[in-house]
């Protein structure tokens with residue numbers, strides 16, 4: 001059993017991120033095909049996979065939720081050819097990359113046995129939100145007939161527990 005990364009109660013709502021890390025750990029042990037990840041600019045990434053011997057028809061790229069999945073399967077099995085030595089593997093593969101929520105796939109192209117996939121990572125604008133603090137009087141709303149509306153206190157006899165203060169119950173006060 002692996003230790004949970006975000007087990008602390010200070011990490012609220014990070015379950016999804018923990019699942020992504022687990023997925024990434026499972027797929028990182030694959031060694032074929034080899035790949036590079038380059039940062040082209042602050043907002044553009046490029047994944048390059050070495051797929052020598054594969055044609056565009058042999059390759060498939062899909063985005064499944066937050067995973068980029070590249071599959072390759074060669075259709076030419078060499079059944080009509082006689083090999084004296086076969087050192088070039090013609091095996092199928094699947095390579096998956098876990099992507100953040102805001103990553104977008106811009107395009108892909110095959111060039112000289114290298115499959116290039118370009119990704120865009122928009123730079124988020126910093127968000128600062130002020131949370132107003134209002135006065136809340138819980139005991140006064142039960143015992144003293146006080147209501148808090150938009151941060152303002154007002155007297156409301158219907159909230160009082162003392163039947164002598166409420167006109168609806170025949171009180172005289």
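Brief remarks follow.
- For the residues 70, 61, 40, 47, the requirement of being farther than 14 Å from residue 115 by Cα and in the same structural domain as residue 106 (by TED's automatic domain parsing) singles out 40.
- So residue 122, is it under 30 Å from residue 42 (Cα atoms) and free of Cβ contacts under 8 Å to residues at least 12 places away in the same chain: no
- Matching residues in the stretch 69-83 - criterion: being over 12 Å from residue 58 (Cβ atoms) and modelled with pLDDT of 90 or more: 69
The values are calculated or read from the model by the stated rules, or taken from the named source; none is laboratory data. Treat the numbers as computed from the prediction; the structure is a model and nothing was measured. Cβ: placed from backbone, ideal geometry, glycine included. Neighbour counts: every protein chain shown.
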